[in-house]
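These notes concern the structure reproduced below.
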Amino acid sequence: MDIRLDVVQVLVTALLNIAFALLAGMLLADRALAADDPAHAQVRKPLRRLGLSAACGLIACQWLNLGLQSASMTGTPLLNVSSQLMPILTGSHFGAALVLLAVLITHYVRGRTLQRAAGVPAMPIGLWSLASLCVALLALAEAAVSHAADAGDLSLPEGVHWLHICATAAWAGLVLVSAWVVLPGLRERAQRAQQLFYLNGLSNSAGAAFLVVIATGSFNAWHETAGSLAGLTFGPWGHILEFKLGLVAAVLVCAALNRRVFLPRLTHSEAAMGSDLAAQDSFDAAYLAFSRLIALEALLMLALLSTAAFLGHSMPGA
């Protein structure tokens, strides 16, 4: 394969991973915000706008990715593969579903985002479930063309990798949308009890997703190295995996600090607040520290999602 084409394909895959995580994070954060709270409704407006941008980016990156795959498989210049895209979409078991589902999600998010009302209500549970199902199917389509699919369609490795993609998107997406949209919005608009409500939900949800990521990622690594750690000591795939694990460890340190240090401090300050100005100042300082660590986690998540793209384009054990 042309090295330049390979590099572009990895970059597009990284952008696709980020857009997918943002879309998943938007859906989860929308559900975590209180349904009947005006301050939370205000935060939903930029949150839905971010979800719309992510869905549009997902569609654009997927089309470009299909073109790059066609060019690499056939040797056709990228500018001349447009005529081959439709056969790829209709002939593959995932291409058409990917694009159609992304269009469906984009249409739904757009309809909710462009409301002119002062606040944006929570998604009805039926529509939220449908959008979440679309995201899950997109992850299943991605798993179907990964290294895990070498074991066959609907195999255990493919199923575990699908769960890994979903959990990673949930974990990374929650961190990204919280750092970029939700926490700054709540700091400006919401009362301290409302801020604490969201932070507790964020910590619990991200922690649960992280446990699934670790469990499924360990299985993936064991399967792709055939149960041997020798592949980690040489070759690009092993080194990229080691770098990815380092990023995971760094994110875990940030998350542990927030959960073990700043979240208890926030809870204690909120309980003692009342008219105590010192407790209010303590809460605000802890909230700012929590937000800064989440912002650092978001940067690490971007690196983690980009590293996953490189890992997906490297041969296991090579």
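Potential lengthening of the chain between residue 268 and residue 200 amounts to 23.2 nm, from the contour at 0.36 nm per residue minus the alpha-carbon distance.
Using the heavy atoms of the protein chains alone and a 1.4 angstrom probe, what is the accessible area of segment 236-306 per residue in square angstrom? Before the final figure, lay out the partial values.
Working: 3540 Å² over 71 residues.
Computed with neighbouring chains in place, this is 50 Å² per residue.
Each peptide in 49-62, 164-177 receives the mean, over its residues, of other Cβ atoms within 10 Å, and ordering these scores from highest gives 164-177, 49-62.
The values are calculated or read from the model by the stated rules, or taken from the named source; none is laboratory data. All values reported here derive from a predicted model rather than from experimental measurement. Please note: Cβ atoms are built from the backbone with ideal geometry, for glycine as well, and neighbour counts cover all protein chains shown. SASA here: full protein model, heavy atoms, side chains in, ligands and nucleic acids out. Shrake-Rupley method; radii C 1.70, N 1.55, O 1.52, S 1.80 Å.
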